[in-house]
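What follows is a short report on a single structure.
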Amino acid sequence: MANEIIGRQEGLLALGEFLDAVPVSRPALVFEGEAGIGKTVLWQEGVRLARERGFRVLTARATQSELQVAFATIGDLLASVIEEALPQLAPIQRRALEVALLIREHDGPPPEARLLAAALLSVVHACAQEEPLVIALDDVQWVDTTSAEILRFMVRRMAGERIGVLATVRGRPAKLPIELDRAFAGVRRFPVEQLSVAAIHRLLWGRLGLTLPRPVLTRVHETAGGNPFFALEVGRALVERTIRADGADVPLPESLRAVVAERLSALPARVQETLVAVAALATPSVTPAGAADTGRG
Ligand SMILES: Nc1ncnc2c1ncn2[C@@H]1O[C@H](COP(=O)(O)OP(=O)(O)OP(=O)(O)O)[C@@H](O)[C@H]1O
Ligand SMILES: [Mg+2]
C-alpha cells in the first residue's frame, strides 16, 4: 500500500497506550523530532485510530505561515464542532468566540483570552460528555500567540476525564509549547528516531517504485540520517535522473532545493554530495508504475 506506515512499532504501541488511557486518565502524548522524520504520519494515524474507536477528535495543524494570524489554531480546532457548539454557550462566551473566529463583526478590542478560554473549555467539556475526546495538535511550535495563550489557559483547567492531547513538536525543546508539560504531569514525550535501512528500502520501493543496489541504499540512508522525507527527496532526484538518462550531470531539482532548504536547512550540501556519490556508484533501477502496488516489502 502506498501510504502504509513503515516500521514504527514502538510509536504505534505508544499510540495504543495513549488511546487506552483517554477514557480514564487524561493522557498527553507528544511526538517530537527533527523535520521530516515522520511525526505527522504517526499523529495522523493516532487521529484515525481514535476515530475508529468512536472518540471525538478535534484537530488543528499549525503552520509557520499562520504563526501571526490571530486565533488561527483555535479556529482550526473548532471548525468541525462550531455550529453545534455555539448555541449551547452562554451568550457572553458565544459572542467572544464569534468575534475571535470572525463569524461576527466587531469594532472594539479583541475578546479577552480568559473569556475565550472559558468558551473553549465549555465546548471541549460538552464534546467529552458524549464520547471520549482527543485534542490533536500538529506542529505545536507554530500555534499562533493568541491561540497559544487560550490553549495554555484551557489545558490547565481541563477537568474530569475522557480527554487526551495528542501533539507533535519539531526538535526536542526543553519545555513544550503551550506548557503541555506543566498541564499534564504524565505527559509522554516520544522521540521519533531515524528509520532503518530496510525501512528506507521499503519506503523508496513503496512510494517511488525505486530499488537501489545495497551500497547505494546504504549511502542514501546514511546521508539522510534515516530521515524518510529526506530519503524520499533523494529518491525522487534519482528517479528523475534515470528517466532523463541523458548522461549529463543532473542538478538538484528546484522543488528539492526549496523543500529541503525549508525543512532541513542544515543539510542541502550533503544531499548534493550524495546525489553525486550515488550517481557514481551504480545505476539505480526504477520499476515501472504499478509495481509499487504489489505490496512487496
Ligand atoms: N513510517 C513511515 N512510513 C512511511 N512513510 C513515512 C514514514 N515516516 C515518514 N514518512 C513519509 O516521510 C515524509 C515526512 O514525514 P512527516 O511529514 O510525518 O514528517 P514530520 O516529522 O511531520 O516533518 P515536519 O517536522 O516537517 O512536519 C512524508 O512524506 C511521510 O509520508
Ligand atoms: Mg509534520
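Think of segment 140-245 as a dipole: +1 on every Lys or Arg Cβ, -1 on every Asp or Glu Cβ, centred on the Cα centre; then among L195, L212, A174, L212 lies furthest on the positive end.
Put a dot 7 Å past the Cα of R53, heading toward its Cβ, do the same for R182, and the two dots end up 2.8 nm apart. Take the Cβ-Cβ distance between N3 and S196 as r, set R0 to 22 Å, and report the resulting FRET efficiency rounded to the nearest 0.05. Efficiency computed from Cβ-Cβ geometry: 0.70. Shown in residue order for segment 91-104 are the 3J(HN,Hα) couplings computed by the Karplus curve 6.51 cos²θ - 1.76 cosθ + 1.60 at θ = phi - 60°: x, 5, 5, 4, 4, 4, 5, 4, 5, 4, 8, 6, 7, 10 Hz (x for Gly and Pro).
Surface composition of segment 168-246: carbon plus sulfur atoms hold 53% of the accessible area, using a 1.4 angstrom probe and ignoring ligands, DNA and RNA.
Taking the average, over residues, of other Cβ atoms within 10 Å as the packing measure, peptides 77-83, 30-36 rank 30-36, 77-83 from highest down.
A simple spin-label model places pseudo-atoms 7 Å from Cα toward Cβ; at T211 and E161 they are separated by 5.2 nm. Directionally averaged projected area (segment 9-191, Cα convex hull): 10.0 nm².
Could you calculate the FRET efficiency of E130 with R172 from 1/(1 + (r/R0)^6), where r is the beta carbon distance between them and R0 is 41 Å, rounded to 0.05?
Efficiency computed from Cβ-Cβ geometry: 0.70.
The dipole here belongs to segment 1-62: it is taken about the Cα centre, uses +1 on the Cβ of Lys and Arg and -1 on the Cβ of Asp and Glu, and is about 320 debye. Each of A70 and V24 was given a label point 7 Å from its Cα along the Cα-to-Cβ line. The distance between the two points is 4.4 nm.
The dipole here belongs to segment 86-204: it is taken about the Cα centre, uses +1 on the Cβ of Lys and Arg and -1 on the Cβ of Asp and Glu, and is about 400 debye.
Rounding to the nearest 20 debye, state how big the charge dipole of segment 9-191 is about its Cα centre with +1 on each Lys and Arg Cβ and -1 on each Asp and Glu Cβ.
For this selection, approximately 440 debye.
Near F31, the amide H atoms lying under 5 Å from its own belong to A167, T168, V169, F190; only residues 5 or more places off or on other chains count, and H is placed 1.01 Å from N.
When the alpha carbon gyration tensor of segment 158-201 is reduced to an equivalent ellipsoid, the three semi-axes, largest first, read 28, 14, 7 Å.
Computed from backbone phi with θ = phi - 60° and the Karplus coefficients 6.51, -1.76 and 1.60, the 3J(HN,Hα) list for segment 214-223 is 3, x, 5, 4, 4, 5, 4, 4, 5, 5 Hz; x is used for glycine and proline.
The values are calculated or read from the model by the stated rules, or taken from the named source; none is laboratory data. The structure presented is a predicted model; accordingly, all values stated were derived computationally and were not measured. No Cβ is skipped: glycine too gets one built from the backbone with ideal geometry, and neighbour counts run over all protein chains shown. Side chains are part of the model used for accessible areas, which takes the heavy atoms of the whole protein and leaves out ligands, DNA and RNA. Shrake-Rupley method; radii C 1.70, N 1.55, O 1.52, S 1.80 Å.
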